[in-house]
Amino acid sequence: MKLGINGMGRIGKLSVWRHVSSKYFSELVINVGREIGGGLEDLAACIERDSTYGHLGNYLYGYKGGRVIENLNNDTGTMLVDGVPVKILRQSREPKDVAWRENGVLLVVDSTGAFTDPTTDAGAAKGALRGHLAAGAEKVLLSAPFKIKSKGLDMPVDAITCVMGINDEMYDPAKHAMISAASCTTTCLSYMIKPLMDRIGADKILSASMVTVHAATGSQQVLDRLPKTGVTDLRKNRSIMNNIILTTTGAAKALALVIPEMKSIGFIAESVRIPTSSGSLIILVVNLQDDLEKPIKRADIIDIYKNFSATSPYLLCSETQNVSTDIVGYPRAATVIESTETHTRTATVKVNLPAAARTAMGRDTLDVPVTQTVIYGWYDNELGSYTHMLGDLTERVAEQML
């Protein structure tokens, strides 16, 4: 089975690494929609070398790895990458015009970040995710959260958001044609929330908040520059090399699509960008309704993650002291829990009762035991966590197409 990849940004390029490594697909067809540099040699150099993760040959074979790209043919746009046939399409940038049908591609990963609205018609002037389906694909995975631009429109019935190992069983091959793999932050966060819900219960979670200390992304500027017309967030136009930058994240909204129980919980998500190329951290604070006679302790929270990690390949409960570079390139783990920094505090909170309750209960206040827990979760927002998870989800979708 062939796999189509649309776009060669960070996730597109690293998806090539992931699938060349697994060799699940017989061929990769990559659409870049234009000429790259002086020709295919320049594109091959971009695929083979990476400033964050090093050389593709070393990724595949360690220090013994050499050059793994050969048989380049600029006229046909073909090459072999570690023995896997790769074809480069350079003609069309709009999904509906990409030659998926002509190249026998039924499954596509769109990693451009440009086509995120599942409600947009395939023939829209500026392109649309559905365009891949019109061009011959049967399924398309999006390496970003869905974003519906028109207010009042619901999520289409043929679209679903999945995080591998959390809710991928909700994917219905007979129903869903567009699958969002959420975001790197949502993926990590889901593996921090799901174990708590499974053990403690959603009804015991009073509120939660998170901050992701996030590595730089391609949407930011290397040096200060003027913002484009109509831009309201001026901070992304400041140099990521020199600043800690406050920004936003859609992790809370996307998490509710993956774990519907989150809709009933007060949840706030914030983001801070820092001058690193990869390796990010979520600081999660959860307030739990507790029992004073047997309050939840730090050891209980750690045990929850240890037990979950025993049955999931995507969660690691680390007992070592990590820094961000320890996570970069770490294979498969969606989340690495920094158990040495997990903390809990239990206190009694006095809640003022409404008038009707005061009369019925004969008291003005109610004492509620609340435990606040702080949990740290590392994730490689590019290759180690997100792209590997996306790759596993891609193969899961492919298995049900065969």
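The values are calculated or read from the model by the stated rules, or taken from the named source; none is laboratory data. Computed from a predicted model, the values in this text were never measured in an experiment. As a convention, Cβ positions derive from the backbone with ideal geometry for all residues, glycine included, and neighbour counts pool all protein chains shown.
For the reader, a short list of remarks on this structure follows.
- Complete set of residues in segment 352-402 that are free of Cβ contacts under 8 Å to residues at least 60 places away in the same chain and outside any helix (DSSP H, G or I): ASN352, LEU353, PRO354, GLY362, ARG363, ASP364, THR365, LEU366, ASP367
- Per-region count, segment 38-56, residues touching a residue at least 12 places away in the same chain (Cβ under 8 Å) and under 19 Å from ARG18 (Cβ atoms): 10
- When restricted to residues that are at pLDDT below 85 and either in a helix (DSSP H, G or I) or not basic (Lys, Arg) (or both), segment 331-348 contains 1.
- For LYS151: the one exception among (1) crowded, with 17+ Cβ neighbours inside 10 Å; (2) assigned by TED's automatic domain parsing to the domain that holds THR52; (3) basic (Lys, Arg): (1)
- Scanning segment 362-376 for residues that are closer than 12 Å to THR348 by Cβ and surrounded by 15 or more Cβ atoms within 10 Å (Cβ to Cβ) yields PRO369, VAL370, THR371.
- Between ALA215, ALA202, ALA251, the distinction of being in contact (Cβ under 8 Å) with a residue 40 or more places away in the chain and farther than 22 Å from TRP378 by Cβ belongs to ALA202 only.
- Segment 2-31, subset of a type in the set (Phe, Trp, Tyr) and over 23 Å from SER92 (Cβ atoms), residue surrounded by the most Cβ atoms within 10 Å (Cβ to Cβ): TRP17
- Of the strands (runs of 3 or more DSSP E) lying entirely inside segment 143-235, those containing at least 2 residues that are within 21 Å of ILE274 (Cα to Cα) are 205-215.
- Checking each residue in segment 193-215 for being at pLDDT below 95, closer than 12 Å to GLY266 by Cα and either surrounded by fewer than 17 Cβ atoms within 10 Å (Cβ to Cβ) or of a type in the set (Phe, Trp, Tyr) (or both) picks out ALA202, ASP203, SER207.
- Single residue of segment 1-41 satisfying the filter (over 13 Å from VAL86 (Cβ atoms) and not in a loop (DSSP other than H, G, I, E, B)) that is farthest from the chain's Cα centre (by Cα): GLU41
- Residues in segment 290-299 that are touching a Ser or Thr at 6+ places or on another chain (Cβ under 8 Å) and of a type outside the set (A, V, I, L, M, F, W, C): ASP290, PRO295, LYS297, ARG298.
- Scanning segment 307-323 for residues that are out of contact with any helix residue (DSSP H, G or I) (no Cβ under 8 Å at 6 or more places or on another chain) and either hydrophobic (A, V, I, L, M, F, W, C) or under 18 Å from VAL374 (Cβ atoms) (or both) gives ALA310, ASN322, VAL323.
- Residues satisfying the stated conditions in segment 219-255, i.e. surrounded by fewer than 17 Cβ atoms within 10 Å (Cβ to Cβ) and either among the aliphatic types (A, V, I, L, M) or touching a Phe, Trp or Tyr at 6+ places or on another chain (Cβ under 6 Å) (or both): VAL222, LEU223, LEU226, VAL231, LEU234, MET241, ILE244, LEU246
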